Structures are given as structure tokens and as C-alpha cells.
1. State the volume of the convex hull built on the alpha-carbon positions of segment 241-365, expressed per residue in Å³ and rounded to an integer.
2. What 222 nm value per residue comes from the helices of the chain, counting each DSSP H run with n ≥ 4 as -39,500 (n - 2.57) and dividing by all residues, nearest 500 deg cm²/dmol?
3. If you line up the long axis of helix 93-102 against the longest principal axis of the chain, both from Cα atoms, how many degrees apart are they, to the nearest 10?
4. How large is ³J(HN,Hα) for each residue in segment 338-343, as worked out from phi by the Karplus curve 6.51 cos²θ - 1.76 cosθ + 1.60 (θ = phi - 60°), to whole Hz, x for Gly and Pro?
5. May I ask you to list the trypsin sites (Lys or Arg not before Pro) in segment 326-391 that are in a DSSP loop and have at most 11 other Cβ atoms within 10 Å of their Cβ?
6. Using a Cα-Cα cut-off of under 13 Å, which aspartates and glutamates could be cross-linked to residue 36, ignoring same-chain neighbours fewer than 8 residues away?
7. Could you work out the per residue convex hull volume over the alpha carbons of segment 191-314, in cubic angstrom?
8. With N residues in the chain, what two-decimal value do you get for its Cα radius of gyration over 2.2 N^0.38 Å?
Amino acid sequence: MVRKMHTRSSDLTITDLPAELLHMIMLQVRRSSRVKPCSLTCRILREVALDYLSFNGHVIVDEVPHFLTFIRNHPRIGKAVTSLSLSHSTIQAKVVGDMISLLPNLSRLSLDDARTLPPTRGDAGDSNAASLRLLRMDVESSGSYIPGLMHMLSSFNPQHLHLTVNPPNSKVGSFDARSLTKLPAVESLNVHTRTGTRQNVSIARVVDVLSKTLAPDTLQLMRVTYDSKDTLRAYGSIIKRCGSKITSLTLYTDAPYPFKERVGWVDPFDEWELLNVHACKELQSLEIPIHVPQAKPDRAASYVGAGILAHHAPPSLRKVVIRLHDLPRPTTLGNRSTLKLQEFDKVVTQARFPHLQEFELAIGVTRDLFHKRGHWEKCVAAARRALPGLHARGVLKLTSQSWTY
């Protein structure tokens with residue numbers, strides 16, 4: 001560090017001290033709020049103070065190369081970063097390696113609309129390549145970038161993965177499993193989408209690629225949204241390969257919004273064979289959605305849920321949640337052609353599920369019914385009449401969901 005020589009000692013300032021002494025001073029104030037003001041004073045103090053800044057919150061980055069260059073020049077800061085959010089960034093395979101080496105204590109990574117690029121053609125994954133074990137990884141991305149995302153998953157190996165897939169704007173790129181450094185041992189998997197009323201759009205291809213990426217027999221919890229029959233089958237592939245230790249499975253449907261768009265809509269989950277949960281030998285909690293059809297259906301709405309419980313669900317179940325949506329009137333709960341809740345009373349018996357502690361019926365009503373006085377008391381009475389066996393055993397729990405728009 002070059003310093004200007006002074007003729008009088010009274011002209012000297014703190015910036016004229018040797019760097020070693022400046023570091024000693026910063027060590028004394030690093031636990032106070034004085035470090036950041038020091039970093040904003042001048043270039044000389046900034047270079048020293050940056051090594052002592054604390055990053056307690058979420059670090060948000062737009063320009064990844066610039067951020068990594070900064071961390072490379074200040075490695076002590078890199079060791080302090082535990083949570084990082086990358087927004088609207090392009091992330092190449094080499095950048096992933098740099099992040100792993102420069103941020104050794106990273107435990108949580110969020111990607112918002114990130115463009116993840118896989119290794120270049122011909123590059124093979126290195127099983128000995130450096131990797132991190134993240135606690136959690138949150139991703140919102142287009143399905144068009146899934147091949148690159150799979151490479152990131154294999155490098156960061158998250159324990160909890162929360163993936164929101166926007167419908168791909170273009171065809172999903174070809175997936176080469178050789179680009180993976182290792183199979184990520186994900187224990188908790190959340191997959192959601194926002195296709196809504198868009199036609200001929202599905203995340204099935206994305207889920208299918210995911211089924212080839214996750215390490216087998218590591219999943220313990222799945223909370224996933226389906227938007228088509230193909231997506232359900234792809235989830236079935238994940239369960240078959242990775243589901244032997246799953247204890248909790250929650251299904252959501254990507255139903256159109258608002259309510260008027262659902263009047264003529266048909267839930268794609270219309271056959272219980274579409275999702276085989278037979279591999280979930282340790283399953284303890286199962287949550288299934290049911291959208292009450294507004295017109296008389298060809299088959300009662302309970303058919304799928306009752307079919308899964310009758311044919312695939314293991315006896316280890318302790319909790320079952322049936323989430324009803326769009327209930328138009330309390331009497332529909334006892335209707336044997338539209339809903340037929342009575343099937344659950346026949347299937348969920350003490351002999352079939354000896355460990356069952358709770359059967360929850362979460363009732364979501366239409367807006368019109370919600371505003372009718374006394375509607376909830378009538379729903380409770382109707383549900384208990386439809387499920388007398390579960391009610392008598394003391395396992396029936398009735399809860400109210402907010403009315404659906």
C-alpha cells in the first residue's frame with residue numbers, strides 16, 4: 001500500500017497506519033455496528049473493513065460473475081455467506097464450481113428466474129468433483145432450463161428441494177445423465193407449477209427428468225402438484241425409484257382459477273392407477289385433493305382417493321387428509337352419485353389401517369355457500385352422517401378451508 005509522506009505528525013490520520021494495525025483495529029470493533037460505516041469511509045478503510053462485515057441476512061445477487069470476483073478478492077466474506085439468492089441470472093456449469101469453492105459454508109440457495117446451463121456437449125460428470133450439502137434449495141425456473149438445473153442439483157445436493165416450474169417457453173433440452181457429478185440425496189421434495197388454464201402445457205417432462213436425477217431410496221417427504229396424467233405417471237416413477245422411505249405424501253392439483261374457469265374443468269386424476277404409491281412401504285401421512293364436480297360426473301369424485309386407499313396405501317398410515325374444494329351445498333356431502341364419501345367409510349377400517357389416528361376431511365366451499373348463515377354446522381352434520389364409522393371410532397376430524405375463488 002503506497003502512502004504519502006508527511007512532514008508533520010499532526011497531519012497523519014488513521015489511514016496512514018500500516019495495514020496490519022488497521023486489521024487489529026477492525027478486530028476490536030467487528031462485533032459492533034461500526035464496521036459498515038468504516039467500509040464506506042474511504043478506499044483504504046474499505047479494503048480492510050470488508051473482511052469483517054457480517055452477513056446475517058439473505059444475500060441477493062443479480063450479477064453472479066461480479067459477485068464471485070468480489071468474493072475471490074475477499075475470501076473471508078465468502079466463508080461468512082450461508083444464504084444466497086440469485087435473481088434473473090445466467091448460471092453456467094463453471095460458475096457452479098466457483099460457487100462451491102468460494103462459498104464453503106453455504107447452506108441455503110434460492111434461484112429466482114435463473115437460466116441454468118448444463119456442461120458443454122461432450123463433458124462428462126466427475127464423480128470426484130467438489131460438491132456441497134445444502135440444507136435447502138429453492139428454485140423458480142422455466143422448464144426450458146431443467147437440464148442445467150439438474151446439474152446444479154447434483155453439485156449442491158440439497159436436503160430439501162422446493163421447485164416451482166413455470167411452463168417451458170420452448171422445448172426442454174435433451175438431458176444427459178453423464179453431466180451429473182452425483183445423484184442428489186433429496187429428503188424433502190416440493191414441486192409446484194402455475195400452468196392454470198393454459199392448454200397443452202405440462203411439467204411432465206420436467207418431473208420425468210427429475211425421476212432420473214434423484215438418488216434412490218432417500219425421499220422421506222413429497223408435496224407435489226400435478227397438471228396432467230403424464231405428470232402423475234412421472235411422479236409415480238419417482239415414487240417407484242425413490243419412495244421406499246417416504247413417510248408423507250401430499251398431492252395438489254393445478255386447477256384453473258378463478259372458480260368460473262373450473263365449472264367445466266375435469267381433474268386429470270380420474271383413475272387411481274395413474275399414481276401407484278405401493279412402493280411407499282413406510283407411508284404415514286397421505287393427503288389427496290378432491291374437486292367437487294359442478295355437473296353430474298360419470299364417476300363419483302371419491303373414486304380416486306378411495307381406490308388409492310383400498311389398493312395401494314400401506315397399513316402403516318396414521319393420518320389421511322381429504323381436501324374438498326368447491327362444495328356447492330351441505331347436502332352434496334351425502335350425495336352418492338356426485339361425491340360418495342361413504343366409500344371412505346368402507347375402505348378406511350380398523351382392520352385395513354390399524355395404526356390410523358386421524359382421518360381429516362377439510363371442507364372448502366364455494367363463495368355462495370360461504371356467505372349462507374349456518375352453512376358450517378350443516379356441513380358438519382352431513383359429513384358425520386356420510387362417515388358414521390370413522391366418526392364412531394373417534395378418528396374423524398372436520399376442518400374448514402377458506403372458500404375458493
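Values in this text are rule-based calculations from the coordinates and carry no lab data. Source: prediction; values computed, not measured. Using ideal geometry, Cβ is built from the backbone for each residue, glycine included, and neighbour counts are taken over all protein chains shown.
1. Numbers: hull volume 12.8 nm³, N = 125.
Per residue, the Cα convex hull of segment 241-365 comes to 103 Å³.
2. Helix-only estimate at 222 nm: -8000 deg cm²/dmol.
3. Computed tilt is about 60 degrees.
4. 8, 10, 6, 4, 4, 4
5. Taking segment 326-391 and a limit of 11 other Cβ atoms within 10 Å, the loop trypsin sites (Lys or Arg not before Pro) found are 373.
6. Within the straight-line cut-off, residue 36 pairs with 47, 51.
7. Output value, Cα hull per residue: 93 Å³.
8. That ratio works out to 1.28.
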